[in-house]
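The structure appears right after this line, and notes come after that.
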Amino acid sequence: MVRTRFAPSPTGFLHIGNLRSAVYPYAWAKNTGGKFILRIEDTDRERYVEGGIEAIKNTLEKFGISWDEYYVQSERKAAGIYAKAAEKLISSGHAFYCQCAAKNAKEEGFSNQLRDPCRDRGYISGAVKLKIPDNETVSYHDFVLDKDVSWSTDTVYDATLLKSDGFPTYHLAAMTDDLDMQISHIIRGHDWMPSTPIHLLVFQYLGGVRPEIGHLTDIQSPKGGKLSKRKDSVFCETFLNDGYLPDALLNFVILLGWAPKDNRELFTLSEFVRAFDPKGFQKSNPVFHTEKLDWFNGHYIRQISDTEITRLVKPYVKNDVEDTKLMQIIPLIKDRLVKLSDFPRLTSFFFSLPVFDPALFTAPDADLLLLSSAYDYLTSVTDWSKTGIETGWTDNIKASGRKVGDFFMALRIAVCGSRFTPPITDTMVVLGRDEVLTRIRQTIDNLKLKIKN
Ligand code: GLU
């Protein structure tokens with residue numbers, strides 16, 4: 001049975017790389033009727049962030065990623081599980097007690113030595129370190145990279161397994177757990193690759209069925225180098241707050257390191273579960289292209305109903321805006337909505353008078369005439385609906401010898417304050433007759449002033 005796990009450390013919000021490390025094992029387990037395990041790796045007390053565990057669970061839930069089993073390493077530590085594993089390694093001669101404080105070891109210049117000076121001192125207490133054998137080869141087949149990888153143990157250092165405070169390091173805790181929890185496949189970040197020989201030895205010495213191991217590629221920043229907190233936006237919550245839909249972000253992340261045999265790009269979580277194939281893991285590093293994420297977001301926004309969009313844009317609009325108003329506006333701007341947070345910028349002119357920008361009128365004299373004729377025509381409209389406004393309008397414009405394109409451009413600028421607007425008649429219907437006429441009147445007055453000066 002496939003048993004996979006996501007093993008985050010609660011050191012802050014989940015980032016894009018974490019989401020990828022969660023969705024792949026989830027899909028693998030669900031695709032095969034296996035089990036997906038959430039394991040909180042919270043034994044590094046210095047990096048522990050208060051509320052971190054809840055934040056991880058909340059974010060996973062937003063993406064629809066649920067787990068079948070749940071473990072917390074600090075609880076397992078309290079139950080003595082890692083101390084027992086360490087003792088087992090000591091008694092079989094594969095680990096030893098060390099009494100150099102980490103700091104002293106460094107000061108004494110031992111930090112560069114692969115073989116710890118305590119390994120032959122026979123201490124009976126202290127931190128526990130792995131006794132790396134000399135002149136052996138350790139190897140495994142990486143299922144992501146699809147290649148055999150091996151190391152000579154002569155290049156591997158005596159890694160700490162249990163610190164002197166009794167807390168296990170990742171090297172001991174994660175391997176003990178992967179065995180205990182009968183994990184079949186470990187999917188983890190590429191930064192763990194250098195530590196893999198240590199892990200292979202720990203697995204071997206603890207005994208049991210070793211999981212298969214795969215290291216995911218590194219996500220690259222479009223600015224160059226690895227994607228990183230320092231230079232890029234990386235936290236899932238930041239993207240969600242910025243108005244990316246969970247489905248869109250997840251779809252984008254799925255394809256950062258995995259690809260189907262065909263060129264299909266659209267996957268909801270359940271579709272990904274169905275399509276998942278471990279052969280789809282990519283070997284070359286993907287680049288985080290925000291434009292691609294934007295494309296997915298636009299796509300998913302257009303998949304949901306206007307009622308749902310109304311609910312989703314609420315956090316981005318002023319409190320007093322009514323749902324009925326939003327329901328009128330959304331169909332008009334939906335095609336241009338990339339992120340939910342763009343909503344206020346795209347729709348500001350529906351809620352407040354646009355600022356008169358003289359630079360938008362490139363031919364003020366001609367525009368003045370166009371707007372005056374628009375004003376005259378619109379005052380004569382009795383039925384303020386799309387058909388009521390549009391019937392006979394274009395003929396009327398043509399008959400007066402004006403260019404239809406120029407006419408509507410002047411009108412767009414007067415009504416919306418921009419050259420790029422939703423369909424103008426629909427917009428005018430939503431704004432209402434009085435508001436539209438006021439805006440055109442004011443623009444005419446402003447243009448006259450501009451021409452005079
Ligand atoms: N706690 C480790 C991390 O967050 C887990 C790595 C793994 O999946 O084994 O990097």
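The values are calculated or read from the model by the stated rules, or taken from the named source; none is laboratory data. All of these numbers come straight from a predicted model, not from anything done at the bench. Counting neighbours? That spans all protein chains shown, and the Cβs are built from the backbone with ideal geometry, glycine included. Just so you know, the surface numbers come from the protein's heavy atoms only, side chains and all, with ligands and any DNA or RNA stripped out. Shrake-Rupley method; radii C 1.70, N 1.55, O 1.52, S 1.80 Å.
Pick out the one residue from GLU87, GLU54 that is in contact with a strand residue (DSSP E or B) (Cβ under 9 Å, 6 or more places away or on another chain) and more than 16 Å from the ligand (Cβ to nearest atom).
Step by step, each of GLU87, GLU54 is checked, and only GLU87 is in contact with a strand residue (DSSP E or B) (Cβ under 9 Å, 6 or more places away or on another chain) and more than 16 Å from the ligand (Cβ to nearest atom).
Collect the residues in the range 144-159 that are touching a residue at least 40 places away in the same chain (Cβ under 8 Å) and open to solvent by less than 40 Å² (accessible area, probe 1.4 Å), keeping them in residue-number order.
Across the range 144-159, the qualifying residues are VAL144, LEU145, VAL149, THR153, VAL156, ASP158.
I need every pair where a residue in the range 266-277 that is open to solvent by 20 Å² or more (accessible area, probe 1.4 Å) has its Cβ under 6 Å from the Cβ of a residue that is of a type in the set (Gly, Ala, Ser), sequence separation at least 6 or different chains.
Correct list of pairs: LEU269/GLY64; VAL273/ALA27.
In the range 261-282, is there at least one residue being outside any helix (DSSP H, G or I) and within 16 Å of the ligand (Cβ to nearest atom)?
Yes, the range 261-282 contains at least one residue that is outside any helix (DSSP H, G or I) and within 16 Å of the ligand (Cβ to nearest atom).
Yes or no: VAL209 touching a Pro at 6+ places or on another chain (Cβ under 8 Å) and either surrounded by fewer than 20 Cβ atoms within 10 Å (Cβ to Cβ) or among the hydrophobic types (A, V, I, L, M, F, W, C) (or both)? Before the answer, list the steps.
Values: touching a Pro at 6+ places or on another chain (Cβ under 8 Å): no; either surrounded by fewer than 20 Cβ atoms within 10 Å (Cβ to Cβ) or among the hydrophobic types (A, V, I, L, M, F, W, C) (or both): yes.
For VAL209, the condition - touching a Pro at 6+ places or on another chain (Cβ under 8 Å) and either surrounded by fewer than 20 Cβ atoms within 10 Å (Cβ to Cβ) or among the hydrophobic types (A, V, I, L, M, F, W, C) (or both) - is not met.
Determine whether ASP342 is closer than 23 Å to ARG419 by Cα and under 25 Å from the mean Cα position of the chain (by Cα).
yes
Could you please find all residues in the range 213-239 being hydrophobic (A, V, I, L, M, F, W, C) and either in a helix (DSSP H, G or I) or without any contact (Cβ under 8 Å) to a residue 60 or more places away in the chain (or both)? Lay out the reasoning, then the answer.
Step one: of the range 213-239, the residues hydrophobic (A, V, I, L, M, F, W, C) are 213, 216, 219, 227, 234-236, 239.
Across the range 213-239, the qualifying residues are CYS236, PHE239.
Would you pick out the residues in the range 160-212 that are within 13 Å of the ligand (Cβ to nearest atom), touching a residue at least 24 places away in the same chain (Cβ under 8 Å) and aromatic (Phe, Trp, Tyr)?
The answer is TYR170, PHE203.
Within the range 177-197, which residues are open to solvent by 10 Å² or more (accessible area, probe 1.4 Å) and either in a helix (DSSP H, G or I) or touching a Phe, Trp or Tyr at 6+ places or on another chain (Cβ under 7 Å) (or both)?
LEU179, ASP180, HIS185, HIS190, ASP191, TRP192, MET193, PRO194, SER195
Which ones in the range 1-44 are more than 12 Å from the ligand (Cβ to nearest atom) and either at pLDDT below 95 or among the polar types (S, T, N, Q) (or both)?
PHE13, ASN31, THR32
For the range 21-42, what are the residues that are open to solvent by 10 Å² or more (accessible area, probe 1.4 Å) and either within 15 Å of THR169 (Cα to Cα) or in contact with a helix residue (DSSP H, G or I) (Cβ under 6 Å, 6 or more places away or on another chain) (or both)? Please lay out each step first, then the result.
Let us first name the residues in the range 21-42 that are open to solvent by 10 Å² or more (accessible area, probe 1.4 Å), namely 21, 26, 28, 30-33, 35, 41.
Answer for the range 21-42, where residues must be open to solvent by 10 Å² or more (accessible area, probe 1.4 Å) and either within 15 Å of THR169 (Cα to Cα) or in contact with a helix residue (DSSP H, G or I) (Cβ under 6 Å, 6 or more places away or on another chain) (or both): LYS30, ASN31, LYS35, GLU41.
Within the range 295-308, is there a residue that is closer than 29 Å to ILE186 by Cβ, of a type in the set (Asp, Glu) and at pLDDT 95 or above?
Looking for residues that are closer than 29 Å to ILE186 by Cβ, of a type in the set (Asp, Glu) and at pLDDT 95 or above, one finds none in the range 295-308, hence no.
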